[in-house]
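What follows draws every value from the coordinates through simple rules; no lab data is involved. Values in this document were obtained by computation on a predicted structure and should not be read as measured data. Neighbour counts are summed over all protein chains in view; Cβ atoms, including those assigned to glycine, are modelled from backbone coordinates with ideal geometry.
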Amino acid sequence: QAEKFAPIIGRLTTELRKDVETVWIHKGVKPFGGGNNNLLIHTDYSSLHYEQQGILEETFVHEAAHTSLDAYHATNTDWMQAQEDDCGFISDYAQEHPTREDIAESYLPYFAVRYRSERITSGLRDSIESAIPNRIKYFDAQNFNMYPLDR
C-alpha cells in the first residue's frame, strides 16, 4: 500500500508536502483525512470511492491542503476578507464549514485554473474564476512553492 500511495504523495507540490510528517495507512471504509502534520489513508475507501471516481490525486490535494495550508491561512484576516469579498463559496461543504474546509475546497479549483487549465473546460474555468476571484488572488499572492510545476 505504501508503494501505491507514495508516488502520488511525492507528486504533490512542495507547498502541499511542507508540513506532512507522517502518513497513516489503514484498512477500512472511512474517508481520507489531513491535518496534524499527517495524511490519513483508508485503503478500502480509496478503492471503493476515490479510485473508482478517478479523484484519488485530487483527494490528496484536498487533504494535503488541510495539512500544509490551513494553519497558515484559514483564519488569516486577508483570507477571511477574500471570503467576504467573494460573497459565496465554491461548494456547500466549504460554506457549511468556512474555517475548516474553505481552504481545501478552494485550493483544488485554484490549482486547476492556475496550473492545469488544459484539463478543465473553459466553462468550468470561468465558473471557478467568477465564484472565487478574491480567493484566487489571495492564493496567487502567497508565492507558494509549486515545485515541480510551472505555470
### Query
Which of the lysines could a cross-linker span from residue 27 if the Cα-Cα distance has to be under 16 Å and same-chain partners fewer than 8 positions apart are dropped?
4
### Local electrostatic count, residue 48, Cβ distance below 14 Å [Lys/Arg +1, Asp/Glu -1]
0
### Task
Starting from the Cα gyration tensor of the range 94-143, multiply each eigenvalue by 5, take the square root, and state the resulting semi-axes largest first in whole Å.
18, 13, 9
### Task
Mind computing the radius of gyration and Dmax over the alpha-carbon atoms of the range 1-142? Å is fine for both.
15.0, 43
### Task
Working from the alpha-carbon coordinates of the range 1-64, get Rg over Rh, Rh being the Kirkwood radius.
0.92
### Query
Where the centroid of each part is defined by its Cα atoms, how far is the range 32-104 from the range 113-151 in Å?
15 Å
### Query
For q = 0.13, 0.17, 0.19, 0.29 Å⁻¹, what log10 I(q)/I(0) does the range 38-88 give under the Debye formula with an equal point scatterer on each alpha carbon and no solvent?
-0.46, -0.66, -0.73, -1.02
### Query
Tally Lys and Arg at +1 and Asp and Glu at -1 over the other residues with C-beta under 13 Å from the C-beta of residue 35: what net charge comes out?
-4
